[in-house]
Protein chains: 2
Amino acid sequence: MTVDNEVPRRHRVVVIGSGFGGLFAAKHLKRADVDVTLIAKTTHHLFQPLLYQVATGILSVGEIAPATRIILRKQKNAEVLLGEVVGIDLENKTVTSKLLDWERVVPFDSLIVAAGAQQSYFGNDHFEAFAPGMKTIDDALELRGRILGAFEAAEVTTSADERQRRLTFVVVGGGPTGVEVVGQIAELADRTLAGAFRAINPTEARVILIEAGGAVMPPMGPKLGLKAQRRLEKLGVEVKLNTMVTDVDYKGLTVKEKDGSEHRIECAVKVWSAGVQASPLGKLIAQQSDGTEVDRAGRVVVEPDLTVKGHPNVFVIGDLMSVPGVPGQAPGAIQGAKYATKQIKSELKGADPSARKPFKYLDKGSMATVSRFSAVCKVGKLEFGGFIAWLAWLGLHLYYLVGGRNRIAAIFSWFVTFLGRGRGQMTITERWVFARRALEQVRDQETPRAIG
Amino acid sequence: MTVDNEVPRRHRVVVIGSGFGGLFAAKHLKRADVDVTLIAKTTHHLFQPLLYQVATGILSVGEIAPATRIILRKQKNAEVLLGEVVGIDLENKTVTSKLLDWERVVPFDSLIVAAGAQQSYFGNDHFEAFAPGMKTIDDALELRGRILGAFEAAEVTTSADERQRRLTFVVVGGGPTGVEVVGQIAELADRTLAGAFRAINPTEARVILIEAGGAVMPPMGPKLGLKAQRRLEKLGVEVKLNTMVTDVDYKGLTVKEKDGSEHRIECAVKVWSAGVQASPLGKLIAQQSDGTEVDRAGRVVVEPDLTVKGHPNVFVIGDLMSVPGVPGQAPGAIQGAKYATKQIKSELKGADPSARKPFKYLDKGSMATVSRFSAVCKVGKLEFGGFIAWLAWLGLHLYYLVGGRNRIAAIFSWFVTFLGRGRGQMTITERWVFARRALEQVRDQETPRAIG
């Protein structure tokens with residue numbers, strides 16, 4: 001109760017983004033005496049680590065992308081707004097969000113920016129039309145159409161060269177995502193599609209992983225990297241290390257080997273997972289803070305308490321923050337969300353903002369599946385691979401999937417695909433056929449991104 | 001064994017379409033001494049009766065659209081080609097199919113045309129951009145984006161009028177599809193979305209069904225029609241009978257009442273399920289046969305043996321055939337497929353084509369779900385509604401879903417939605433937001449169809 005007539009206003013927290021950072025930030029504020037506004041440009045919380053399974057026909061979109069507002073339905077202090085953040089004013093403490101004809105200026109007391117990152121083409125943005133990345137639901141559905149569609153297109157061509165080109169699949173980038181998607185393309189061809197065609201033999205598809213460095217998944221260390229590579233090669237994947245992609249067009253791509261020689265790989269499907277570029281909101285924030293920089297990937301170099309210099313109420317977390325030793329993965333985002341909300345909550349109860357302990361990242365390890373029943377895991381100094389690592393992968397991903405319904409559905413989908421050889425989500429839209437046709441017409445020219 | 005060097009050629013059956021007619025035709029030829037080529041412009045077999053559940057977030061696309069070539073994988077005498085049929089030559093017995101840069105002329109001895117139908121706007125094709133139909137997977141995903149997106153757009157607007165417009169949903173056409181989709185929009189708003197917004201109350205959404213005739217679902221008879229109507233009204237649906245749609249634009253539609261008065265309904269989401277137009281292949285075939293006509297919907301008026309006059313080897317089945325008393329639904333297509341393939345098989349064994357018994361349609365009844373736990377069923381003279389009818393609907397649809405995997409997945413999805421209030425497939429793509437933006441800009445102008 002206040003004595004005068006002024007209505008006491010609750011502390012307002014604005015969260016930008018609905019990924020692991022944004023969603024967990026909102027959730028951790030559930031019992032706090034604050035009003036939370038979560039602004040995101042998609043209506044769902046995307047479980048990005050499983051996106052490659054949507055692209056390769058194992059999971060449905062609903063299983064990995066539940067509606068954010070349904071997750072937060074019962075959290076009465078949280079509202080969810082669909083919109084694109086087009087402005088952040090650190091001085092006046094406002095965020096400007098747009099949707100269609102609507103523009104809203106949302107005031108904040110604390111701001112948590114978890115706007116994430118997108119694919120980076122290192123300045124060659126025209127590659128994108130030919131080699132889509134895998135960051136959004138749209139990307140995954142487009143890739144599903146391209147991958148399954150390439151087999152269909154190979155089935156009907158009468159030219160042996162063109163058949164070979166259509167049956168060649170190239171994944172650029174040997175990080176965990178690249179390894180996972182290339183492994184699943186190989187298993188899709190070898191197991192799910194085997195016997196389903198008459199003119200072609202899908203098991204003869206050529207599946208290639210291109211990595212600029214000297215090993216796949218460098219952060220996993222040379223031992224596990226080699227283990228993953230051997231497993232991929234056993235699946236029939238050609239792993240090309242020390243190889244740079246210098247050009248991409250409709251018909252294929254040009255690579256440069258370590259010795260400087262260049263040659264072409266003719267291929268229909270190209271998947272880009274070679275790098276990330278942080279949301280432009282990172283730069284927007286850094287510009288407003290004296291002494292705050294962004295790194296080469298556009299990530300904000302934050303203070304030890306994950307804020308930007310001079311603005312202790314503005315936290316940057318997840319893929320948008322640059323903290324040495326913290327990889328751009330779910331655990332870092334979740335821990336950042338927990339840390340930021342903890343500061344907000346304790347300072348509301350009187351703690352001193354200048355006495356914050358620095359953020360400390362707890363490395364719980366990392367993992368990647370190479371194929372069914374086979375994964376690699378690194379937990380501290382412990383490194384292991386194979387079936388045990390795969391079981392660990394299975395358990396952990398189920399644990400992090402949001403919602404009991406999605407966990408049950410995913411278990412069932414995995415049962416079908418990994419024990420059987422079926423895939424429950426091979427549906428591609430008609431639109432894909434037309435997009436291919438459009439691409440076919442433009443051939444090697446630059447083109448607006450094809451529609452999945 | 002043949003005595004001379006000539007390789008004995010098997011009888012070639014070309015099937016056009018992968019719906020109920022086309023798929024079942026191919027399957028019924030499994031043990032026949034023929035080569036089957038199934039040509040379709042989608043890669044899946046679509047279970048159209050459940051498309052409305054994809055549009056309203058209950059089912060995933062994979063559950064109702066499994067890949068045709070996987071279904072037919074083990075049928076060694078069948079090949080599946082993705083392609084659009086652009087030519088049929090009854091004289092020379094060839095079908096011309098196109099995909100991308102590829103064109104193939106496929107010869108046939110027998111032809112089964114099951115190319116289906118699409119939405120009809122009765123000459124007002126410009127309505128389509130504003131009021132999409134529900135015939136394909138693309139349609140359903142687009143509608144899902146529009147329906148769920150309208151609630152998001154209503155949440156952020158500050159104009160009361162615009163909020164009301166965005167929360168108004170109109171379904172045009174009171175046939176089974178119209179009734180089913182309008183019922184699910186009402187349940188989505190009332191049950192699934194209740195409590196998930198802060199500025200709007202989804203249960204206050206206005207949901208309207210417009211029907212030009214004097215009753216919903218006329219073929220079901222007045223008693224069941226009224227029953228369905230009462231149930232819809234109990235869900236809060238406004239049922240407007242004897243009402244014609246005379247214009248549709250971005251902002252809403254204009255209707256004409258029975259008394260001749262015209263008025264506007266301002267609404268964001270418009271779903272068109274008012275009529276069907278058969279595939280243009282119908283006309284293409286009829287033109288080549290003396291004395292064969294197409295009806296007003298473009299369906300081929302076939303002979304008593306489902307063939308076109310003068311071409312006893314060319315069968316037209318499913319939604320593309322016009323036979324009095326046979327509704328354009330799955331059972332008619334399946335029975336047509338069985339009949340046509342039976343003639344082909346027995347004549348290969350020596351039966352006389354001129355002694356064919358005419359096709360006889362066995363009316364197994366029809367049904368439609370109005371809402372969870374409530375359906376209407378008509379089997380011969382037996383008419384019933386309510387929970388028992390709903391159980392019958394459930395059993396029958398599970399029976400006809402192709403593949404054990406899809407049956408189990410659908411049961412689970414229905415369990416979640418009908419016993420609980422969740423919906424597992426509410427994911428909409430980012431692209432939708434941009435499509436909406438494009439539509440917003442063009443306002444009332446004619447526009448290319450929006451992207452879901």
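Are there strands (runs of 3 or more DSSP E) fully within region B:281-386 with at least 1 residues that are out of contact with any helix residue (DSSP H, G or I) (no Cβ under 8 Å at 6 or more places or on another chain), of a type in the set (A, V, I, L, M, F, W, C) and without any contact (Cβ under 8 Å) to a residue 40 or more places away in the chain? List them.
Details: elements: B:311-316, B:366-371, B:374-379, B:382-386.
Qualifying strands (runs of 3 or more DSSP E): B:374-379, B:382-386.
For residue A:32, indicate whether it is at pLDDT 95 or above and closer than 29 Å to residue A:177 by Cβ.
So residue A:32 fails the test.
Determine if region B:330-349 includes at least one residue that is crowded, with 16+ Cβ neighbours inside 10 Å, among the acidic types (Asp, Glu) and modelled with pLDDT of 95 or more.
yes
To keep it simple, each residue is scored yes or no on (1) touching a residue at least 24 places away in the same chain (Cβ under 8 Å); (2) of a type in the set (Val, Ile, Thr).
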{"residue": "B:130", "(1), (2)": "yes, no"}
{"residue": "B:137", "(1), (2)": "yes, yes"}
{"residue": "B:141", "(1), (2)": "yes, no"}
{"residue": "B:152", "(1), (2)": "no, no"}
{"residue": "B:165", "(1), (2)": "yes, no"}
{"residue": "B:174", "(1), (2)": "yes, no"}
{"residue": "B:196", "(1), (2)": "no, no"}
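Going by what's in this entry, would residue B:54 be described as in the same structural domain as residue B:337 (by the TED database) and modelled with pLDDT of 95 or more? Write out each step before concluding.
Details: in the same structural domain as residue B:337 (by the TED database): no; modelled with pLDDT of 95 or more: yes.
In short, no.
Could you figure out which of (1) in contact with a helix residue (DSSP H, G or I) (Cβ under 7 Å, 6 or more places away or on another chain); (2) farther than 23 Å from residue B:363 by Cβ isn't true of residue B:187?
It is condition (1) that residue B:187 fails.
The conditions are (1) under 25 Å from residue A:242 (Cα atoms); (2) surrounded by fewer than 22 Cβ atoms within 10 Å (Cβ to Cβ); (3) modelled with pLDDT of 90 or more, and residue A:163 fails exactly one of them. Which is it?
(1) is the only condition that residue A:163 fails.
Given (1) at positive phi; (2) crowded, with 24+ Cβ neighbours inside 10 Å, identify the lone condition not met by residue B:123.
(2)
Of the conditions (1) surrounded by 24 or more Cβ atoms within 10 Å (Cβ to Cβ); (2) in contact with a helix residue (DSSP H, G or I) (Cβ under 6 Å, 6 or more places away or on another chain), residue B:28 clears all except one; give me its number.
The one condition residue B:28 does not meet is (1).
Within region A:71-88, does at least one residue satisfy the condition of being under 30 Å from residue B:405 (Cα atoms) and more than 9 Å from chain B (Cβ to nearest Cβ)? Steps first, answer last, please.
The first filter runs over region A:71-88 and keeps only residues under 30 Å from residue B:405 (Cα atoms), leaving A:71.
Now drop any that are not more than 9 Å from chain B (Cβ to nearest Cβ), which leaves A:71.
There is at least one residue in region A:71-88 that is under 30 Å from residue B:405 (Cα atoms) and more than 9 Å from chain B (Cβ to nearest Cβ).
Tell me the residue from B:78, B:131 that is modelled with pLDDT under 95 and small (Gly, Ala, Ser), please. Explain how you work it out, then say what you get.
Values: B:78 fails: modelled with pLDDT under 95.
Every option except B:131 fails the conditions.
Take the conditions part of a helix (DSSP H, G or I), in contact (Cβ under 8 Å) with a residue 60 or more places away in the chain, surrounded by 15 or more Cβ atoms within 10 Å (Cβ to Cβ) and at positive phi and apply them to residue B:221. Does it pass?
yes
From A:212, A:140, A:196, A:160, which residue is more than 22 Å from residue A:249 (Cα to Cα) and aliphatic (A, V, I, L, M)? Quick ask: steps written out before the conclusion?
Values: A:212 fails: more than 22 Å from residue A:249 (Cα to Cα); A:140 fails: more than 22 Å from residue A:249 (Cα to Cα); A:160 fails: more than 22 Å from residue A:249 (Cα to Cα).
Residue meeting the stated conditions: A:196.
Do we find a residue being part of a loop (DSSP other than H, G, I, E, B), within 30 Å of residue A:289 (Cα to Cα), at pLDDT 95 or above and within 20 Å of the chain's Cα centre (by Cα) anywhere in region A:96-115?
Yes, the conditions are met somewhere in region A:96-115.
In this structure, is residue A:260 free of Cβ contacts under 8 Å to residues at least 40 places away in the same chain, more than 30 Å from residue A:316 (Cα to Cα) and not charged (D, E, K, R)? Even if it seems obvious, please write down each step before you answer.
Working: free of Cβ contacts under 8 Å to residues at least 40 places away in the same chain: yes; more than 30 Å from residue A:316 (Cα to Cα): yes; not charged (D, E, K, R): yes.
The answer is yes for residue A:260.
Output the qualifying pairs, or none if there are none: Cβ atoms under 7 angstrom, residues six or more apart or on different chains, first residue in region B:21-42 and over 14 Å from residue B:82 (Cβ atoms), second residue modelled with pLDDT under 95.
Listed pairs, sorted by first residue: B:33/B:10; B:34/B:10; B:35/B:10.
When residues of region A:179-206 are filtered for being within 14 Å of chain B (Cβ to nearest Cβ), polar (S, T, N, Q) and in a helix (DSSP H, G or I), how many remain?
2
Scan region B:137-144 and give yes if some residue there is away from every other protein chain (no Cβ under 14 Å) and not hydroxyl-bearing (Ser, Thr, Tyr), otherwise no.
So the first thing to find is which residues in region B:137-144 are away from every other protein chain (no Cβ under 14 Å), and the list is none.
Checking region B:137-144: not a single residue is away from every other protein chain (no Cβ under 14 Å) and not hydroxyl-bearing (Ser, Thr, Tyr).
Determine whether region A:194-204 contains at least one residue that is assigned by the TED database to the domain that holds residue A:142, of a type outside the set (Phe, Trp, Tyr) and crowded, with 23+ Cβ neighbours inside 10 Å. Reasoning before the result, please.
Taking region A:194-204 and keeping what is assigned by the TED database to the domain that holds residue A:142, we get A:194-204.
Pick out the ones that are also of a type outside the set (Phe, Trp, Tyr) and you get A:194-196, A:198-204.
Right, trim to crowded, with 23+ Cβ neighbours inside 10 Å and you get none.
No, region A:194-204 contains no residue that is assigned by the TED database to the domain that holds residue A:142, of a type outside the set (Phe, Trp, Tyr) and crowded, with 23+ Cβ neighbours inside 10 Å.
Considering region B:130-160 alone, what residues qualify as being of a type in the set (A, V, I, L, M) and outside any helix (DSSP H, G or I)?
Of region B:130-160, the ones of a type in the set (A, V, I, L, M) are B:131, B:134, B:137, B:140-141, B:143, B:147-148, B:150, B:153-154, B:156, B:160.
Within region B:130-160, B:131, B:134 meet the criteria.
When the residues of region A:224-249 are narrowed to those that are in contact with a helix residue (DSSP H, G or I) (Cβ under 6 Å, 6 or more places away or on another chain) and assigned to a loop (DSSP other than H, G, I, E, B), which ends up nearest to residue A:365 (Cα to Cα)?
Residue satisfying both the conditions and the ranking: A:235.
When residues of region A:248-257 are filtered for being farther than 14 Å from residue A:171 by Cα and touching a strand residue (DSSP E or B) at 6+ places or on another chain (Cβ under 9 Å), how many remain?
Counting residues in region A:248-257 that are farther than 14 Å from residue A:171 by Cα and touching a strand residue (DSSP E or B) at 6+ places or on another chain (Cβ under 9 Å) gives 3.
I need the full set of residues from region B:48-70 which are touching a residue at least 12 places away in the same chain (Cβ under 8 Å), at the interface with another protein chain (Cβ under 10 Å from one of its Cβ atoms) and assigned to a helix (DSSP H, G or I), in order please.
Just the residues of region B:48-70 that are touching a residue at least 12 places away in the same chain (Cβ under 8 Å), to begin with: B:48-69.
Add one more test, that the residue is at the interface with another protein chain (Cβ under 10 Å from one of its Cβ atoms), and what stays is B:54, B:57-69.
Within region B:48-70, B:54, B:61, B:62, B:63, B:64, B:68, B:69 qualify.
The values are calculated or read from the model by the stated rules, or taken from the named source; none is laboratory data. Just so you know, these numbers come straight off a predicted model, no measurement behind them. Counting neighbours? That spans all protein chains shown, and the Cβs are built from the backbone with ideal geometry, glycine included.
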